[in-house]
Amino acid sequence: MTEKEFRPLNYTQNIQSGKVTWKSPSNIALIKYWGKKENQIPANPSISFTLDACATTTTLSFEKLNNSVTGFSFDFYFEGKEKESFKPKIISFFTRIQSYLPFLKDYHFTIETSNSFPHSSGIASSASGMSALALCLMSIEKELNPNMEEKYFTKKASFLARLGSGSACRSIEGDIVEWGFHKEISGSSDLYGIKYPFEVHPVFKNFHDTILLVDKGEKQVSSTAGHNLMHNHPFARERFKQANDNMSFLKNIFKEGNLKKFTEIVESEALTLHAMMMTSVPYFVLMKPNTLQIINKIWEFRKKSNLNVCFTLDAGANVHVLYPEEEKFDVFEFIKNELVAYCQNGHYICDRIGYGAKKF
Ligand code: DP6
């Protein structure tokens, strides 16, 4: 599929007003997207577990304007309060997608959005937020064109979400989503995420992700600025190759259910992401002392217990602790007794693999 196929033909319906609501989850990347080309094209393929508890709910109300406007006509509310500061993000998102959604200039929109997690948790809401908004817009397009097929709906929602925030394209479906062309993954595309199409061992089906909130502050470097640091990065080429190789390894790991190898790939990906940030110009250290304390504790515990608990990181200090359903009691005891002390105000979020966005 090319971009062109996401430009709609004429709409068959004429709708005056309406309201749609979607709840869309966050996701946690196992193979990281870090580095992009123009138009939100990823420099390497990535793959993630869709989450369940961390989610954004967005209601989009729309009312036909009497005349088309030059700019976009919308109001934005975050957790019940009007938020002017979020508007520029929406304007640049609408600008990027308007040729794929020609109705954008015909309506006045009211966007009301809220997160299931506290805004000041240091958890990025762009994946859940942009995917929820993309899905609402697709629901409007489906009302204008009721013959639209389900498959196209999902694909285009992911395509639009990507133009809002790359990782958001992995938040439409569950439970494992791949984004970016990879030679061994049929149907993979730089334009949208796809539900991972191959066999997955049952051990990966109910994975848990306990998110340890080490630092709830604003990010030191936005991910968009971070991605840009991969241009002319001395290790970029090797890194992009490594991500492709890791995807091939992960394919076998998922099939065999090899948790030891899973740990190796996932932790190496997290540390490589941070290594890229530490070796770019300018350079950043986004881990905090407690991030390292937690990592060391996990390694110690894993050696002692022989359990399959591992960690991954986003572009920040918080730690995602991943473990299979079968080991949840022992690992959760360990988290409570030994890791929570390193969290800011003892805060953490219990999440797990989820099955994608839901319409209300
Ligand atoms: C480290 O998707 O937030 O979480 O496309 O600029 O919005 P933009 O970036 P974003 O980057 C996410 C980076 C990451 C890794 C990942 O989720 O794959």
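The values are calculated or read from the model by the stated rules, or taken from the named source; none is laboratory data. Values in this document were obtained by computation on a predicted structure and should not be read as measured data. Here the Cβ is made from the backbone with ideal geometry for all residues, glycine too, and neighbour counts use every protein chain on show. For the accessible areas, the whole protein counts, side chains as well, though only heavy atoms, and no ligand, DNA or RNA atoms are used. Shrake-Rupley method; radii C 1.70, N 1.55, O 1.52, S 1.80 Å.
Per-structure values
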read-out: Criterion violated by Asp351 - all others in (1) open to solvent by 10 Å² or more (accessible area, probe 1.4 Å); (2) assigned to a strand (DSSP E or B); (3) of a type outside the set (Ser, Thr, Tyr) satisfied; value: (1)
read-out: Counted residues, the stretch 286-339 - those being within 16 Å of the ligand (Cβ to nearest atom) and more than 14 Å from Val214 (Cα to Cα); value: 1
read-out: Selection from the stretch 1-42 of residues that are within 16 Å of the ligand (Cβ to nearest atom) and either in a helix (DSSP H, G or I) or surrounded by fewer than 16 Cβ atoms within 10 Å (Cβ to Cβ) (or both); value: Lys37, Glu38, Asn39, Gln40, Ile41
read-out: Filtered residue count, the stretch 199-215, keeping only those that are open to solvent by 10 Å² or more (accessible area, probe 1.4 Å) and either under 27 Å from Gln40 (Cα atoms) or away from the ligand (no atom under 16 Å from the Cβ) (or both); value: 8
read-out: Condition check for Thr95: farther than 16 Å from Thr12 by Cα, polar (S, T, N, Q) and open to solvent by less than 40 Å² (accessible area, probe 1.4 Å); value: no
read-out: Any hit, the stretch 120-130, residues being within 16 Å of the ligand (Cβ to nearest atom), surrounded by 19 or more Cβ atoms within 10 Å (Cβ to Cβ), more than 17 Å from the chain's Cα centre (by Cα) and over 18 Å from Gly356 (Cβ atoms); value: no
read-out: Restricting the stretch 216-246 to residues that are within 22 Å of Leu51 (Cα to Cα) and touching a helix residue (DSSP H, G or I) at 6+ places or on another chain (Cβ under 6 Å), the residue that is farthest from the ligand (Cβ to nearest atom); value: Lys216
read-out: Extreme residue, nearest to Thr12 (Cα to Cα), among residues of the stretch 72-92 that are in a helix (DSSP H, G or I) and open to solvent by 70 Å² or more (accessible area, probe 1.4 Å); value: Ile91
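Here's the yes/no breakdown for (1) without any contact (Cβ under 8 Å) to a residue 60 or more places away in the chain; (2) under 27 Å from Tyr283 (Cβ atoms); (3) touching a strand residue (DSSP E or B) at 6+ places or on another chain (Cβ under 6 Å); (4) among the small types (Gly, Ala, Ser):
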position	(1), (2), (3), (4)
Ala161	yes, no, no, yes
Val177	no, no, yes, no
Asp190	no, no, yes, no
Lys195	yes, no, yes, no
Asp209	no, no, yes, no
